[in-house]
Structures are given as C-alpha cells and as structure tokens.
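Notes follow once the structure below has been shown.
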Amino acid sequence: MSDENFNSENGGIPEETEQTAKWYVVHTYSGYENKVKANIEKIVENRSMQDQIYEVCVPLKDEIEEKNGQKKVVQRKTYPGYVLLKMIMNDETWYVVRNTRGVTSFVGPGSKPVPLSDSEVAAMGIETSVFNFDFELGEGVRVSNGPFAESTGIIKEINESKRTVVVSLSIFGRETPVELDYGQIEKLD
C-alpha cells in the first residue's frame, strides 16, 4: 500500500476504498440468483475479502397477491437473472465473481464490467432502501399484514441484510418471537 492512499485519521484505512467501490451487475442462470448471492458471500468470508466486496444483493419488491379472497404480500425479484455487487474491481475480485457457480457474465461490453452510474443506483433505490427503516430495538410496533395483522409487540432483533425484524408478540398469553419483513410492521400511534 502506498503512503499517498494511507490516512491515519480513519485508523489507517486507505481513502480510496469506499470511493472506488462501485455497483456492478452480474448475469446468472435463471432461478440461481439467491444461490449465487450465497456462494459469493461464502467466498468473501472464506477469503477475507470484506474489504473488496462489500455487498451482494438480489433486489426484491413487494407485491400483493390475492388467493381465495386472502391478500398477502409476496416478494418478487426486481431483476430476475441478475445479482448486484458493491465491490472494488480488480483482477482478484473479477476472477472470484466471474468463476462463481451460476454466474454467466458481468454486464458490460465484451468481457469488461461496467459499473452502474450514481443515477442508476439512485433510480434502483439500492443504497437508500436500508436507511429508510427508522425503527429501533425495544420499540413498540403493530403488525400491518400477514397472519399476525393488528397484533402489537416489541422489536427484539433487527436484521438489515435480510430486511427483517424479530418482534415479541403475545400469542395465547405467551410472549413469542416472530420474524417479520420490514414491510409488515408500522409504528404505534
């Protein structure tokens, strides 16, 4: 590491790290998006590449589906056949991602990956989606939909990567932890 990239104010982390990390898109076999995500995350952990590959995501959108008169919220892939990665592009990261089982190619002309522009990232809502969640541990919430609709409880855990919370609900007089999606809860009035 050269001295010009070294910044002692932030604990010795190279300044270039977050600035050069960009969002890239990889094409996968249809239906393999979640497997590819899990495989890349496992490789990142095994090879200690957290400082090069920051985030792997399969964008999802909530849709209301009606079956037998019952409405339920289901999550569908926003871009089927694609996985998004926030990473620093270099020979090692390119090789690791490109050779992950289920990945067919990076999106870009020929074999050259092209990062998403800031406006594309903003339009997809990739980075802002995590920060729109304004609940805290210990906060009282109401379940807005699903089998526990109208129940109230306390947030016990928040899992940002899965976009879920564990809420302690009183079911049949017993405190029961229930995992819910962010979209299934609302603040108490």
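The values are calculated or read from the model by the stated rules, or taken from the named source; none is laboratory data. This one's a predicted model, so the numbers in the text were calculated from it and none came from an experiment. Using ideal geometry, Cβ is built from the backbone for each residue, glycine included, and neighbour counts are taken over all protein chains shown.
With respect to Y54, is the statement that it is out of contact with any helix residue (DSSP H, G or I) (no Cβ under 8 Å at 6 or more places or on another chain) and more than 13 Å from T100 (Cβ to Cβ) true? Criteria met by Y54.
Kindly indicate whether M49 is in contact with a Lys or Arg (Cβ under 8 Å, 6 or more places away or on another chain) and at pLDDT 90 or above. Criteria not met by M49. Here S30 fulfils each of the conditions (1) at pLDDT 90 or above; (2) in a loop (DSSP other than H, G, I, E, B) apart from (1).
Do we find that D91 is loosely packed, with under 11 Cβ neighbours inside 10 Å and charged (D, E, K, R) in this structure? When the stated conditions are applied, D91 passes them. Every condition in (1) part of a strand (DSSP E or B); (2) touching a residue at least 40 places away in the same chain (Cβ under 8 Å); (3) not hydrophobic (A, V, I, L, M, F, W, C) holds for E179 except the one numbered (2). Restricting the first member to the stretch 108-123 and to residues that are closer than 11 Å to W23 by Cβ, and the second to residues that are among the acidic types (D, E), the beta-carbon pairs closer than 9 Å and six or more apart or on different chains are V121/E127. Scanning the stretch 80-97 for residues that are under 22 Å from E33 (Cβ atoms) and free of Cβ contacts under 8 Å to residues at least 24 places away in the same chain yields a count of 2. Figure legend. Inter-residue proximity from the stretch 149-160: first residues assigned by TED's automatic domain parsing to the domain that holds V178 and among the hydroxyl-bearing types (S, T, Y), second residues outside any loop (DSSP other than H, G, I, E, B) and surrounded by 12 or more Cβ atoms within 10 Å (Cβ to Cβ), beta-carbon distance below 6 Å, spacing 6+ or different chains. Indicated pairs: S151/V143; S151/L169; T152/R142.
Say whether the condition of being within 20 Å of T28 (Cα to Cα) and of a type in the set (D, E, K, R) is met by at least one residue in the stretch 60-71. Yes - at least one qualifying residue is present in the stretch 60-71. In this structure, A38 does satisfy being surrounded by 12 or more Cβ atoms within 10 Å (Cβ to Cβ), free of Cβ contacts under 8 Å to residues at least 24 places away in the same chain and in the same structural domain as L116 (by TED's automatic domain parsing).
When you scan the stretch 133-146, do you find a residue that is over 22 Å from T20 (Cα atoms) and among the β-branched types (V, I, T), even just one?
Filtering the stretch 133-146 down to residues over 22 Å from T20 (Cα atoms) leaves 133-146.
Still in the running and among the β-branched types (V, I, T): 141, 143.
Looking for residues that are over 22 Å from T20 (Cα atoms) and among the β-branched types (V, I, T), one finds at least one in the stretch 133-146, hence yes.
Residue by residue, here is whether (1) closer than 21 Å to E160 by Cβ; (2) surrounded by 11 or more Cβ atoms within 10 Å (Cβ to Cβ); (3) modelled with pLDDT of 90 or more; (4) in contact with a His (Cβ under 6 Å, 6 or more places away or on another chain) holds:
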position: V44; (1), (2), (3), (4): yes, yes, yes, no
position: V56; (1), (2), (3), (4): yes, yes, yes, no
position: K77; (1), (2), (3), (4): yes, yes, no, no
position: R98; (1), (2), (3), (4): no, yes, yes, no
position: S119; (1), (2), (3), (4): no, no, no, no
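Could we say that V165 is touching a helix residue (DSSP H, G or I) at 6+ places or on another chain (Cβ under 9 Å), outside the structural domain of V25 (by TED's automatic domain parsing) and either within 27 Å of E55 (Cα to Cα) or modelled with pLDDT of 95 or more (or both) here? For V165, the condition - touching a helix residue (DSSP H, G or I) at 6+ places or on another chain (Cβ under 9 Å), outside the structural domain of V25 (by TED's automatic domain parsing) and either within 27 Å of E55 (Cα to Cα) or modelled with pLDDT of 95 or more (or both) - is met. Given the conditions (1) of a type in the set (S, T, Y); (2) in the same structural domain as P59 (by TED's automatic domain parsing); (3) more than 18 Å from I53 (Cβ to Cβ), and given that S105 satisfies all but one, which numbered condition is not satisfied? Looking at each condition in turn, S105 falls short on (3).
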